[in-house]
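Below: the structure, in structure tokens.
The values are calculated or read from the model by the stated rules, or taken from the named source; none is laboratory data. Only a predicted model underlies this, so the values are computations on that prediction, with no experimental measurement involved. Cβ placement follows ideal geometry from the backbone for every residue including glycine, while neighbour counts extend to all protein chains displayed. Just so you know, the surface numbers come from the protein's heavy atoms only, side chains and all, with ligands and any DNA or RNA stripped out. Shrake-Rupley method; radii C 1.70, N 1.55, O 1.52, S 1.80 Å.
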Amino acid sequence: MAPDLQRVVVRAPGKINLSLGVGAVDDRGYHALATVFQAVDLYETISATRADELSLEVTSEVPGEVPLDGTNLALRAAELLREECDVREGAALHIHKQVPIAGGMGGGSADAAAVLVALDRLWGLGLAGERLRRLGARLGADVPFAMLGHTALGRGNGAELTTVLTHGEWTWLLAVPGGHLSTPEVFRRFDEIAARGGRTPAEQPTVDERQLQALSSGNIELLADTLHNDLQVAAFALHPGLEPVVEAAEQLGAPAALVSGSGPTIAVLVEDEVQARSIAAGLMRESLVESCLVARGSAAGASVLDEE
Ligand code: C5P
């Protein structure tokens, strides 16, 4: 480990869920999940500079408000690491955001993942990847995946990860409608809809094997066929602007589209960047979305860009 680092820069990717199966609730209120995460090349870049106190500054390429108080996941990650490792010093954190804010793409989780990796280096703690991932899991179910990156199967509450083999790259149009959705509220609505339909959720949901085959063979039609999100119906019910985006994207020729995570970002699977741009133009023309981004998966997990 390099001694006396002054500054460490780390970036971590946003994610989409190619499938999200939701099961029963445990005694902590967390649902059993079976999900396939894919990291995309929209990154949160964190710079951590040596300082006596902890502080946070945010700049952003995407619209939206980020809390700067103690509820911010990046600050909570720094506090957790300080407590766990009995660190006395602080750090000046700067976050530059590219992942849509509160959009179901794990931007806050990527911030937490990048902060853990950066401060582990800056403070010379030498924690192994697995220990950092376990700390990350205490902050949020998506944090360990932001560290691991690429494409992975998540079980348990989402934090038990197994890397999935993929062939080639996938192109996504990320359509950002206005408005926000609260993740706990989407899960609550999911529970209500399941109860009303008289369904008992599975103790541990499973992943469609065909999705893993589609990923390992690079088969876009098969992947389109297997994209699935159990939370989508709940997200549609809470945000009437979402279903029209999914429908329009498919009418405009996309192989498939779905709500990413708990939404409201819609992930549109496309054949290439040219198709992405034409569908984006159609969605904007019909005023169905506020903005569109093109991204590629799989992207690497949290990695150190620079240190001095
Ligand atoms: O883990 P994260 O902080 O992103 O989760 C936000 C909220 O989403 C949790 O407080 C919980 O209400 C819900 N959630 C859940 N089951 C999961 C993951 C999240 O119910 N496996």
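Just order 106-114, 190-198 by mean Cβ neighbour count inside 10 Å, highest at the front, would you?
So the peptides 106-114, 190-198, ranked by packing, come out 106-114, 190-198.
Assuming a ≥ b ≥ c are the square roots of the Cα gyration tensor eigenvalues, decide whether region 46-159 counts as rounded (a/c under 1.5), prolate (otherwise, with a/b larger than b/c) or oblate.
In terms of gyration-tensor shape, oblate.
Among Gly64, Gly297, Gly261, which one shows the biggest mean-square fluctuation in a GNM of the chain, springs joining Cα atoms closer than 10 Å?
Gly64
Between Thr163 and Thr59, what is the label-point separation in nm under the 7 Å Cα-to-beta-carbon projection?
3.3
Name the residue, out of Val270, Val294, Val62, whose mean-square fluctuation peaks in a Gaussian network model built on the chain with Cα pairs under 10 Å.
With Cα springs under 10 Å in the chain, the top fluctuation among Val270, Val294, Val62 is at Val62.
Let's test this: bin the Cα-Cα distances of region 242-308 at 10 Å from zero up to the farthest pair and state each bin's percent.
Over region 242-308, the share of Cα pairs per 10 Å bin runs 19, 49, 18, 11, 3, 0 percent.
For region 1-67, which GluC sites (Glu not before Pro) pass both filters: DSSP loop (anything but H, G, I, E, B) and at most 12 other C-beta atoms within 10 Å?
Glu53, Glu61, Glu65
For the peptides 91-101, 10-20, 276-286, what is the packing order when you average, over each peptide's residues, the other Cβ atoms within 10 Å and list the highest mean first?
Result, highest mean Cβ count within 10 Å first: 10-20, 91-101, 276-286.
Put one equal scatterer on each alpha carbon of region 191-298, apply the Debye formula with no solvent term, and list log10 I(q)/I(0) at q = 0.12, 0.22, 0.23 1/Å to two decimals.
Cα-only, vacuum Debye calculation for region 191-298: -0.47, -1.26, -1.32.
Based on the mean of other Cβ atoms within 10 Å per residue, sort peptides 150-156, 211-217 so the most packed one is first.
Listed from highest to lowest mean packing, they are 150-156, 211-217.
Add +1 for every Lys or Arg and -1 for every Asp or Glu among the other residues with Cβ under 14 Å from the Cβ of Ser60, and state the total.
Net charge in that neighbourhood comes out at -4.
What spacing in nm lies between the two simple spin-label points modelled at Glu290 and Val25, each 7 Å away from Cα in the Cβ direction?
2.9
Taking square-rooted eigenvalues a ≥ b ≥ c of the alpha carbon gyration tensor, is region 240-281 rounded, prolate or oblate, where a/c under 1.5 means rounded and, failing that, a/b exceeding b/c means prolate?
It is prolate, given that a/c is not under 1.5 and a/b is the larger ratio.
Quick query: amide H of Ala300 versus all other amide H atoms, modeled in the peptide plane; which residues come in under 5 Å with a sequence gap of 5 or more or a different chain?
His150
How much length is gained on full extension from Arg134 to Gln204, taking 0.36 nm per residue of separation minus their Cα-Cα distance?
That works out to 23.1 nm of additional length.
Restricting the calculation to Cα positions, tell me the Rg (one decimal) and the Dmax (whole number) of region 1-102 in Å.
16.6, 47
Using a Förster radius of 30 Å, what is the FRET efficiency between Glu250 and Ser303 based on their Cβ-Cβ separation? Nearest 0.05, please.
0.30
In region 159-189, what GluC sites (Glu not before Pro) fall in a loop by DSSP, with at most 14 other Cβ atoms inside 10 Å?
Sparse-neighbourhood loop GluC sites (Glu not before Pro): Glu169.
For the chain, what Kirkwood radius comes out of the mean inverse Cα-Cα distance, in Å?
For the chain, the Kirkwood estimate is 19.6 Å.
Can you give the accessible area per residue of the chain, in Å², using a 1.4 Å probe?
Ligands and nucleic acids excluded, the figure is 44 Å² per residue.
Give me the distance in nm between label points sitting 7 Å out from Cα along the Cα-to-Cβ direction at Arg277 and Leu68, one decimal.
Here the answer is 3.7 nm between the modelled labels.
Taking only DSSP H segments of four or more residues, each worth -39500 (n - 2.57), what value at 222 nm results for the chain once the sum is divided by all its residues, to the nearest 500 deg cm²/dmol?
-10500 deg cm²/dmol
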